[in-house]
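The values are calculated or read from the model by the stated rules, or taken from the named source; none is laboratory data. What you see is a predicted model; the values in this text were computed from it and never measured. So basically every Cβ, Gly included, is an ideal-geometry build from the backbone, and we count neighbours across all protein chains shown. The area values use the complete protein model at the heavy-atom level, side chains included, leaving out ligands, DNA and RNA. Shrake-Rupley method; radii C 1.70, N 1.55, O 1.52, S 1.80 Å.
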Amino acid sequence: LISSKTFDAKKACRELAKQDPKLGKLIKKHGPFVWGKRKALDPFEYLLRSIVFQQLHGKAAATIHGRVLKIFGKTHPTPLQILECEVELLRAAGLSGNKTLAAKDLARAAHEGKVPDRKQLAKMSNEEIIEILTEIRGIGRWTVEMLLMFGIGRADVLAVDDFALKKSAMILHGKKKLTPKEFAKLGELWAPYRSIASWYLWRALD
């Protein structure tokens, strides 16, 4: 998780404000960076939850996720349990056909050792992690970027395809349009704290 143990939040905010005075105004307005305490999930758990939550509102997704967990006694299933679970049970819990296939593929990859654990991820670069995990059905770049930020606490991640982030950056810098490439270029201002910059950009739209 992103915390004061992995980087100096006050220093990060000072550096961001220095590099981008407009972002500095957001930092001043919204106060200290607080990512919040979250239960640490292993990559398989995080990605399975992400598959369930895709294209659904939070409450509906949480309900379906709860039903899936209930199949396994309300504890998080292992990859093997997902592989052996009957498709009908997962569908009855509310998973669509595509999400059921994605969950099975993720479980298969994890069971075969193709989903790195937290210790393995710690030794890998962001792009290495993205390259490996996006080979799995239903796992796109954005999902892995959220894992990098929220799941394992990488401080320098910018999801250039995130609509809300891009919209906030456009408003902040007075741009009528911003391609992913242009957004990535703009984001160089915020390195090596692009996750923290993202937090303030999301806050600006709340």
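Couple of notes before you dig in:
- Filtered by the rule that a residue be surrounded by fewer than 17 Cβ atoms within 10 Å (Cβ to Cβ) and outside any helix (DSSP H, G or I), segment 130-146 gives T134, E135, R137, G140.
- Lone unmet requirement of (1) in contact with an Asp or Glu (Cβ under 6 Å, 6 or more places away or on another chain); (2) at positive phi for H76: (2)
Quick grid of which residues meet (1) modelled with pLDDT of 95 or more; (2) part of a helix (DSSP H, G or I); (3) open to solvent by 80 Å² or more (accessible area, probe 1.4 Å); (4) farther than 30 Å from L186 by Cβ:
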position	(1), (2), (3), (4)
G24	yes, yes, no, no
I27	yes, yes, no, no
G36	no, no, no, no
A40	no, no, no, yes
Q55	no, no, yes, no
A62	no, yes, no, yes
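- Complete set of residues in segment 148-206 that are small (G, A, S), open to solvent by 20 Å² or more (accessible area, probe 1.4 Å) and under 23 Å from F7 (Cβ atoms): A155, A184, A191, A204
- Those residues of segment 131-141 which are over 19 Å from H111 (Cα atoms) and in contact (Cβ under 8 Å) with a residue 12 or more places away in the chain, in sequence order: R141
- Candidates in segment 86-103 are the residues that are part of a helix (DSSP H, G or I) and aliphatic (A, V, I, L, M); of these, the one that is farthest from P43 (Cα to Cα) is A92.
- Residue in segment 113-126 that is open to solvent by less than 50 Å² (accessible area, probe 1.4 Å), touching a Leu at 6+ places or on another chain (Cβ under 7 Å), farther than 26 Å from Q81 by Cα and in a helix (DSSP H, G or I) present: yes
- Residue that is at pLDDT 95 or above, in a helix (DSSP H, G or I) and open to solvent by 30 Å² or more (accessible area, probe 1.4 Å), where the choices are L106, L83: L83
- Each residue in segment 86-103 was checked for being open to solvent by 80 Å² or more (accessible area, probe 1.4 Å) and under 16 Å from S50 (Cα atoms), and 2 of them qualify.
- Residue selected from segment 64-80 under the condition open to solvent by 70 Å² or more (accessible area, probe 1.4 Å) and not in a helix (DSSP H, G or I), by the criterion modelled with the lowest pLDDT: K74
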